[in-house]
Amino acid sequence: MEQLLFWKAVVCGGVFVVLFAAERLARAAPAPESSARLFRNFGLWLIVLLASPLIVAPITAFGANHLIWARDPALAAGMIGVAVLIIDIILLDLWTYWLHRAYHRVPVMWRLHEVHHRDEFLDTTSAVRFHLGEVVLSAVLRLIPITVLATPLTTVIIFEAVILASALFHHSNVKLPRGIERWLSYVVVTPSIHWVHHHAVRADTNANYAAFLSVWDRVFGSRSKTRRMPDMKIGAEGIEDLSFSGLLLAPMMRKPS
Ligand SMILES: [Zn+2]
């Protein structure tokens, strides 16, 4: 397990470094260099990184140790094991899609998720800009699919790596060849899809919820017709970004809208 966590950190750290550098060499949209914004995003990430081993990881481990049924060990062996792993990742991705919809539709959940959407520009650092409350709530709610599906802990860790790498990619400001991005978008969520989710227009913010596989928005009718433009206003309609301390306190201060 420690080895898997090590490789998760190496792979996601590598993806972060490569994309962070690439989006500064080849930008898709003009980037306002704001050290204050980077401080806010990295600050929120640091809190999550420090709290995860103490709060988030134990929640997931608790779920993995309290499954409501046990899988046949044969399901984890050989090619069958690979097929089951892929199905598990697809199902957890489906869960993540509906959880993201809930964060937008349930006012008390939006209070937490709004911290992510207040970012007024997007790059790889936006992918790690989440309020600790949202990360903890997501871990608690994820106990539902983990216990119902009897998902192995190793699969959850692999899924977390997939989702983080995907989030780093689809928030990034890397300029990709249009043809490659278009083909990728048929399978996975690309920046052209997810940037529209951060368009400061409520109809677009409440669309394009998919986190890894792009198919869910088409299946469940939540794909926006808006095309990403380099100069589109990023943020949440009607609200502005806050200071670091303001972001930490925002979920407790605002009334649900
Ligand atoms: Zn969202």
Item to check | helices (runs of 4 or more DSSP H) contained in the range 191-253 and holding at least 3 residues away from the ligand (no atom under 15 Å from the Cβ) and more than 20 Å from the chain's Cα centre (by Cα) | outcome: 244-253
Checklist entry - Name the residues in the range 164-188 that are in contact (Cβ under 8 Å) with a residue 24 or more places away in the chain and basic (Lys, Arg), would you? => result Lys175
Checklist entry - Name the pairs whose Cβ atoms lie under 8 Å apart, with the first residue in the range 138-150 and of a type in the set (S, T, N, Q), the second assigned to a helix (DSSP H, G or I), and 6 or more positions between them or separate chains? => result Ser138/Leu99; Thr147/Gly63
Item to check | Failed item, numbered, when Ser166 is tested on (1) over 19 Å from Val10 (Cα atoms); (2) polar (S, T, N, Q); (3) within 16 Å of the ligand (Cβ to nearest atom) | outcome: (1)
Next on the checklist: Can you tell me which of (1) exposed (fewer than 13 other Cβ atoms within 10 Å of the Cβ); (2) over 17 Å from the mean Cα position of the chain (by Cα) is the one Gly13 doesn't meet?
Outcome noted: (2)
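Each row is one residue, and each column tells you yes or no for (1) at pLDDT below 90; (2) in contact with a Leu (Cβ under 6 Å, 6 or more places away or on another chain).
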site	(1), (2)
Pro58	no, no
Ala64	yes, yes
Trp69	yes, no
Pro73	yes, no
Met79	yes, no
Ile86	no, no
Asp93	no, yes
Thr96	no, no
Arg101	no, no
Item to check | Yes/no for Trp98 being within 16 Å of the ligand (Cβ to nearest atom), assigned to a helix (DSSP H, G or I) and open to solvent by 60 Å² or more (accessible area, probe 1.4 Å) | outcome: yes
Next on the checklist: Going by what's in this entry, would Ile68 be described as of a type outside the set (Asp, Glu), assigned to a helix (DSSP H, G or I) and surrounded by fewer than 18 Cβ atoms within 10 Å (Cβ to Cβ)?
Outcome noted: no
Checklist entry - For the range 66-95, how many residues meet the condition of being without any contact (Cβ under 8 Å) to a residue 12 or more places away in the chain and within 16 Å of the ligand (Cβ to nearest atom)? => result 0
Item to check | Pick from the range 113-134, criterion surrounded by fewer than 22 Cβ atoms within 10 Å (Cβ to Cβ), hydrophobic (A, V, I, L, M, F, W, C) and assigned to a helix (DSSP H, G or I), ranking: nearest to the ligand (Cβ to nearest atom) | outcome: Val128
Next on the checklist: Going through Ser172, Ser192 one at a time, which residue ends up being in contact with an Asp or Glu (Cβ under 7 Å, 6 or more places away or on another chain), open to solvent by 20 Å² or more (accessible area, probe 1.4 Å) and closer than 21 Å to Ala21 by Cβ?
Outcome noted: Ser192
Item to check | Gly179, sole failed condition from (1) away from the ligand (no atom under 16 Å from the Cβ); (2) over 24 Å from Val108 (Cβ atoms); (3) modelled with pLDDT of 95 or more | outcome: (3)
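The values are calculated or read from the model by the stated rules, or taken from the named source; none is laboratory data. It should be emphasised that the depicted structure is a prediction, and the values quoted were computed from it without experimental measurement. Please note: Cβ atoms are built from the backbone with ideal geometry, for glycine as well, and neighbour counts cover all protein chains shown. For the accessible areas, the whole protein counts, side chains as well, though only heavy atoms, and no ligand, DNA or RNA atoms are used. Shrake-Rupley method; radii C 1.70, N 1.55, O 1.52, S 1.80 Å.
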